[in-house]
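Report on the structure given below.
The values are calculated or read from the model by the stated rules, or taken from the named source; none is laboratory data. Predicted, not measured: the structure shown is a model, and the values here were computed from it. In this analysis, Cβ positions are derived from the backbone assuming ideal geometry, glycine residues included, and neighbour counts consider all displayed protein chains.
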Amino acid sequence: MAELENQEEREDAVFYCPECNNGVLIKDYVRAELICTNCGLVIKDHLVDTGPEWRYFNQEQREKRMRVGGPTTYTMHDKGLSTLIDWRNKDSQGKDLTPRKRAQIYRLRKWHRRIRVSDPSERNLAFALSEVSRMSSNLGLSQNIREETAIIYRKAVEHRLIRGRSIEGVAAAALYAACRKGKIPRTLDEIAEISGVGKKEVGRSYRFIARELKIEIPPINPMEFIPRFSNALNLSGSAQKKAIELMQKAYEKGLTSGRGPTGLAAAVVYISSVLMNERRTQREISEAAGVTEVTIRNRYKELIEKLELEIIV
């Protein structure tokens, strides 16, 4: 170990390039070389890589393979920095604990839970983030959306925007805002249904926190719903591509302004399924998109007329 440290000191002793006197040098551990960034001179080779022996190809893999505990996350009220006492009554060798030890561990777990959530604000945060995790799991949302939701909710707590509103409603509103920011096609009806809170309350809370926190929310793009509806209806890639082309033509004709994005996307998917001989009924598309058949028919008739499409019914 001492020899390795001495070798590192000898490598770090080179501060300037002997060729161009440049002071910015980089260590390329893939090629085990010390290189000048100006002239490209290889100053030293056979460097010793003191990093981990495993490889990673993205940040998520790197965090998973770190041996100093789990990564910090905003989805836990303590950001994942606290310890956790295992629920199993076994020691480090897998043997069962004695009755005396079990009673001691039981008391430790009880006080540990109490210490982790010590004041009302932490209890509020712990409950809200558990609701966010539950709703995200039911909707199949990614970890990035969960993190963004937790950040928005924490900001709402810091600005005291929770007072007078239900925790579930604000958590659902934060989740909807995160989906809108991440361009994830989830409607307010879906969020309200999975949260168990009324749509009006979720919408009111969403508008309030978006205004107070000055969150820049992009408008809903109907194009984002096409892949989701197509996959739900088991349409082919060519049908999905045709739906995207029709939506682009609708944009050019100005047919998307003032229309509901889900109804417009559902109508485009319906037209595409008919044109590509993969016909789906309006009832099937209505169930997949969560809009009424009347809305689909109205948008369908309008698109057929304005885009001058010939469809054999």
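One residue stands out among those in segment 197-209 that are aliphatic (A, V, I, L, M) and under 17 Å from Arg186 (Cα atoms): the one that is modelled with the lowest pLDDT, which is Val197. Comparison of Ser121, Ser142 shows that the only residue that is farther than 22 Å from Leu213 by Cα, touching a helix residue (DSSP H, G or I) at 6+ places or on another chain (Cβ under 9 Å), surrounded by fewer than 14 Cβ atoms within 10 Å (Cβ to Cβ) and small (Gly, Ala, Ser) is Ser142. The set of residues in segment 237-269 being under 19 Å from Pro185 (Cβ atoms), assigned to a helix (DSSP H, G or I), of a type in the set (D, E, K, R) and in contact (Cβ under 8 Å) with a residue 40 or more places away in the chain is empty.
Is it fair to say Asn234 is on the phi > 0 side of the Ramachandran plot and either out of contact with any helix residue (DSSP H, G or I) (no Cβ under 7 Å at 6 or more places or on another chain) or not aromatic (Phe, Trp, Tyr) (or both)? Considered against the rule, which asks whether it is on the phi > 0 side of the Ramachandran plot and either out of contact with any helix residue (DSSP H, G or I) (no Cβ under 7 Å at 6 or more places or on another chain) or not aromatic (Phe, Trp, Tyr) (or both), Asn234 comes out as yes. The residues in segment 89-118 that are at pLDDT below 80 and basic (Lys, Arg) can be counted, and the count is 3. Exactly one residue out of Glu293, Glu310 is over 13 Å from Phe229 (Cα atoms), modelled with pLDDT under 90, surrounded by 14 or more Cβ atoms within 10 Å (Cβ to Cβ) and not aliphatic (A, V, I, L, M), and it is Glu293. Is there a residue in segment 218-226 that is in contact with a helix residue (DSSP H, G or I) (Cβ under 8 Å, 6 or more places away or on another chain) and more than 30 Å from Val170 (Cβ to Cβ)? Within segment 218-226, one or more residues are in contact with a helix residue (DSSP H, G or I) (Cβ under 8 Å, 6 or more places away or on another chain) and more than 30 Å from Val170 (Cβ to Cβ). Flag set for Phe229, criterion: outside any loop (DSSP other than H, G, I, E, B), under 22 Å from Ala288 (Cα atoms) and in contact (Cβ under 8 Å) with a residue 40 or more places away in the chain. Please tell me if Thr262 is at pLDDT below 85 and of a type in the set (Val, Ile, Thr). Considered against the rule, which asks whether it is at pLDDT below 85 and of a type in the set (Val, Ile, Thr), Thr262 comes out as no.
Filtered by the rule that a residue be outside any helix (DSSP H, G or I), surrounded by fewer than 16 Cβ atoms within 10 Å (Cβ to Cβ) and of a type in the set (Lys, Arg), segment 270-290 gives a lone residue, Arg279. Comparison of Ala178, Ala250, Ala243 shows that the only residue that is in contact with a helix residue (DSSP H, G or I) (Cβ under 8 Å, 6 or more places away or on another chain), more than 20 Å from Glu284 (Cα to Cα) and assigned by TED's automatic domain parsing to the domain that holds Ala267 is Ala250.
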